[in-house]
Amino acid sequence: MSKELKVGLFVIVLLALAAIMSMKFSKTGFGLDDTYSINLRAENAGTVIKNSPVLMSGVKVGYVDEIILNKDESGKIYVELKVLLYEEFKNVIRDGAFFRIKSSGFLGDQYIAVIPGKTMGKPLREI
């Protein structure tokens, strides 16, 4: 086997390993995780950006997929956040939960916090 072929195979194997590791350790999973979406409405999205985490008690339960600027019937402008929540938390996040934009870290990165409601309603997936 020639030296060029050996180097080519080595590079292909390394690229395949890098792709597998990226998918394994990615924060968003490249869209391969089972998720369901909910739409949140806010007056101001702050510095929340696409792929910002959604945390419940410090555990990542989803991420922001899309941020849209809209106008309602009265002409008032609002921000719609499309959030993807991981399917494995479908019975944890229930009707009555509050979603708040909060800051974390030294630089003030913002995320969406899920605060459980006082009552345990139906899982959001069923609503």
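FYI, it's all coordinate maths here, none of it is from the lab. On a predicted model such as this, the values are computed, not experimentally measured, just so you know. Because the Cβ atoms are built from the backbone with ideal geometry, glycine has one as well, and the counts that use them run over all protein chains shown.
Each residue, LYS6 and LYS60, gets one label point 7 Å from its Cα in the Cβ direction; the gap between the two is 4.0 nm. Stretched out straight at 0.36 nm per residue, the stretch from GLU88 to ALA16 would grow longer than its current Cα-Cα span by 23.1 nm. Of ASP72, ASP95, ASP109, the residue with the greatest mean-square motion in the GNM of the chain, using alpha carbon springs below 10 Å, is ASP72. Ranked by the mean number of other Cβ atoms within 10 Å per residue, highest first, peptides 85-91, 34-40 order as 85-91, 34-40.
If you take the alpha carbon atoms of the stretch 1-111 and fit the smallest convex hull around them, that volume is 162 Å³ per residue. Note on LYS90: aspartates and glutamates with a C-alpha under 16 Å away, same-chain residues under 8 apart excluded, are ASP33, ASP34, GLU126. Tilt of helix 3-25 relative to the longest C-alpha principal axis of the chain, in degrees (0 to 90, nearest 10)? That helix lies at roughly 20 degrees to the long axis.
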